[in-house]
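**Student:** Dumping the structure here so I can ask a few things about it.
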Amino acid sequence: MTRKPVDIGDPDRLYTVTGGRSEADDSFDLVTLIVSECEPTPGMQSEHARILELCRHPAALVEISAELKLPITVVRILLGDLHAMGRVSARHPRAARSVAALPETALLQEVLHGLRNL
Amino acid sequence: MGSATSELPSQRTPLADAAETGLKIVVVGGFGVGKTTLVRSVSEIRPLNTEEVMTQAGQGVDETAGVERKTTTTVAFDFGRISLNQRMVLYLFGAPGQERFWFLWDRLFSGTLGAVVLVDTRRMQDSWYAIDRLEHHKTPFVVAVNRFDEDERRFSLDEIRQALSLGDHVPMVDCDARVRSSGKEVLITLVDHLYSLALSREGTS
Ligand SMILES: Nc1nc2c(ncn2[C@@H]2O[C@H](COP(=O)(O)OP(=O)(O)OP(=O)(O)O)[C@@H](O)[C@H]2O)c(=O)[nH]1
Ligand SMILES: [Mg+2]
C-alpha cells in the first residue's frame, strides 16, 4: 500500500477483494462503530473473517481500514456485505438514543468534560 | 515522514463495549507542520494510518484496449483516538491540506465537529488554501500556531491573524504539538468555540 499523501495509480488491483465492485455504501461513516454479531466461519472470505475478529469489541470503520490495510471505500463495501447478512451491527454517529436527543450544546459539553479529564 | 507512523501491526487497544458514538475532529495543515505529532500527543493509541481512493474516468479512450482509461487518486491520512467516556469516542484525523484532498472531504469528513488548522509561521501560505476550503465547507475551525524552535521571528498571534486575513471570530492559539497538555489545550479551544457557536444557534431558534 502506498503511503504518499497523494498518489495516482491503477484502480483495478484494489477491487479484487470486493469482486470488482467499486461503489461503496456511504451510510457507513469513518467513525461508525462496528460490532460483530457472530464468529468467523470456515470458508468465509478472509477479509470478512478478519473484520469479525477485529469487531468482537466495537471498532470504527477507519480502524478496520487501517488494520486491514485496505482503503476506506473497500472497507465500506465489505461492511455493507456483512451488515446485509446480519453478521455485524453498526452504531452510527449520533444515532444512539442517549445522544440523538441531546441539543448540540449538551453534546459539546460532554466532549469538553472528556477532554478536560485527559 | 515515514517514521511518524509505524507500519508494524499495532497492539490493538479495544474500545469499551458500551462505546456507541464516534465523533470526528480534523487537523489540517501543510506538509511537515506537525499534524501527526499533534495527533500522537493526545491520542490513547499510537496513530494509525490509512487511505481513501477515488476512481475517476480518465480523458479519452485507450485506443489499443478500447476501454475507457481510469485513474485512481489516493489520499493518505492518519488518526488517533480519545475515549471521552464509556459511550463517546473522539477520533482525531491528521489530513494533508493539498488540493486533491478536498475532493474527498465530504466522503471522509462530513459531520465532523470542527477542524484545527495547524500553521507553521515559516510557511504561512501553506495554510491559506485550507482556510479557504474550510470556509467553503462551512466547517468551524480554530488556528493553532505550532512554534518551531528554529523559527526566530516569533510573529505574534495578531501578526499571524493579519497575514492569514482571519476574521476576529476565529480563535487562535499557540501550541507545541509535541506536548500533550498543549495539544489538549488546542482541542479545548476548538470545542469551546463550537460550544459558543451552538449556544448562539440554539438561542436564536
Ligand atoms: N520544534 C518542534 N518540532 C516539531 C513540532 N511539531 C512537530 N515537530 C517536528 O516536525 C517534524 C514534522 O512533524 P509531523 O508531525 O510528522 O508533521 P506532519 O504535518 O504530520 O507531516 P506530513 O504528514 O509529512 O505532512 C517532526 O520531525 C516533528 O518531530 C513542534 O512543535 N516543535
Ligand atoms: Mg503526518
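The values are calculated or read from the model by the stated rules, or taken from the named source; none is laboratory data. Model, not experiment: these values are computed from the prediction. Backbone-built Cβ (ideal geometry, glycine too); neighbour counts: all protein chains shown. Surface accessibility is based on the protein's heavy atoms, side chains included, excluding ligands, DNA and RNA. Shrake-Rupley method; radii C 1.70, N 1.55, O 1.52, S 1.80 Å.
**Student:** Taking the simple approach of a point 7 Å from Cα along Cα-to-Cβ for both B:H169 and B:T204, what is their distance in nm?
**Tutor:** Here the modelled spin labels are 0.8 nm apart.
**Student:** Top to bottom by accessible area (1.4 Å), largest first, where do B:Y195, A:Y15 land? Please list the in-between numbers first.
**Tutor:** Working: B:Y195 55, A:Y15 20 Å².
From most exposed to least exposed: B:Y195, A:Y15.
**Student:** Give me a single rounded figure for A:49-59: the average over its residues of other chain Cβ atoms within 10 Å of their Cβ.
**Tutor:** Numbers: counts 0, 0, 0, 0, 0, 2, 1, 2, 7, 9, 4.
Mean shielding by partner chains, rounded to a whole number: 2.
**Student:** Taking each residue in B:98-111, count the Cβ atoms of any other chain within 10 Å of its Cβ, then average. What number comes out? Please report the intermediate quantities before stating the final value.
**Tutor:** Working: counts 2, 1, 4, 2, 0, 0, 1, 0, 1, 7, 4, 2, 3, 6.
Mean number of neighbouring Cβ atoms from other chains: 2.
**Student:** Something else now. Return the average number of partner chain Cβ atoms within 10 angstrom of each residue Cβ along peptide A:65-72.
**Tutor:** Counting other chains' Cβ atoms within 10 Å and averaging over A:65-72 gives 6.
**Student:** Let me ask something else about it. Of B:S165, B:S200, A:S89, which has the most accessible area with a 1.4 Å probe, and how do the rest follow in descending order?
**Tutor:** B:S165, B:S200, A:S89
**Student:** If you put +1 on each Lys and Arg Cβ and -1 on each Asp and Glu Cβ, how big is the dipole of segment B:2-204 around its Cα centre, in Debye rounded to 20? Don't jump to the answer; show the numbers that get you there.
**Tutor:** Numbers: 23 positive and 28 negative charges, 78 e Å.
The calculation lands at about 380 debye.
**Student:** Given a Förster radius of 25 Å and the C-beta distance between B:A16 and A:A95 as r, what FRET efficiency does 1/(1 + (r/R0)^6) yield to the nearest 0.05?
**Tutor:** Numbers: r = 17 Å, r/R0 = 0.70.
E(calc), rounded to 0.05, equals 0.90.
**Student:** Still on this model: Principal axes first, then extents: for the Cα atoms of the protein assembly as shown, list largest minus smallest coordinate on each axis, whole Å, largest first.
**Tutor:** The Cα atoms of the protein assembly as shown stretch 61, 52, 42 Å along the principal axes, largest first.
**Student:** Now, a different point. Excluding the sites themselves, what is the longest stretch of chain B that contains no trypsin sites (Lys or Arg not before Pro) in a DSSP loop with at most 12 other C-beta atoms within 10 Å? Intermediate values should be presented prior to the final figure.
**Tutor:** On the way: sites that count: B:K138, B:R153, B:R154.
Longest gap between qualifying sites, sites excluded: B:1-137.
**Student:** Here's a follow-up. In terms of modelled amide H atoms, which long-range or inter-chain residues lie less than 5 Å from the amide H of B:G114?
**Tutor:** Hits under the 5 Å cutoff: B:V26.
**Student:** Give me the accessible area of A:L70, 1.4 Å probe, in Å² rounded to the nearest 10.
**Tutor:** That residue has around 30 Å² of solvent-accessible surface.
**Student:** Between B:E44 and B:T71, what FRET efficiency follows from the Cβ-Cβ distance if R0 is 41 Å, with the result rounded to 0.05?
**Tutor:** Values: r = 37 Å, r/R0 = 0.91.
Working from the Cβ atoms, E equals 0.65.
**Student:** I'd like the projected area of chain A, averaged over all directions, using the convex hull of its alpha carbons. Report it in nm² with one decimal. Could you put the intermediate results ahead of the total?
**Tutor:** Details: hull surface 38.4 nm².
Answer in nm², one decimal: 9.6.
**Student:** Along the charge dipole of chain B, pointing to its positive end and built from +1/-1 on Cβ of Lys, Arg, Asp and Glu, which listed residue (B:S181, B:N146, B:G114) has its Cα farthest out?
**Tutor:** With unit charges placed on the Cβ atoms, the residue in question is B:S181.
**Student:** On a 1.4 Å probe surface of the protein chains, which of B:D120, B:D176 comes out largest in accessible area, and what is the full order? Could you put the intermediate results ahead of the total?
**Tutor:** Working: B:D120 5, B:D176 40 Å².
Largest to smallest exposure gives the sequence B:D176, B:D120.
**Student:** Between A:M85 and A:D26, what length in nm is gained on full extension when 0.36 nm per residue of separation is reduced by their alpha carbon distance? All intermediate terms of the calculation are to be shown ahead of the outcome.
**Tutor:** On the way: separation 59, 0.36 × 59 = 21.24 nm, distance 1.75 nm.
Here the answer is 19.5 nm.
**Student:** Same structure, new question: Taking a point 7 angstrom from the Cα of B:R122 along the C-beta vector, which residues in segment B:141-159 have backbone N less than 14 Å away?
**Tutor:** Under cut-off, by backbone N: B:146-155.
**Student:** Could I ask something else about it? May I ask you to derive the FRET efficiency for B:L157 and B:H136 from their Cβ-Cβ distance with R0 = 30 Å, giving the value to the nearest 0.05?
**Tutor:** Working: r = 24 Å, r/R0 = 0.80.
The value I calculate is 0.80.
**Student:** Based on the alpha-carbon set only, what is the convex hull volume of chain B divided per residue, in Å³? Show your work: numbers first, answer last.
**Tutor:** Values: hull volume 37.8 nm³, N = 205.
Once divided by residue count, the hull of chain B is 184 Å³.
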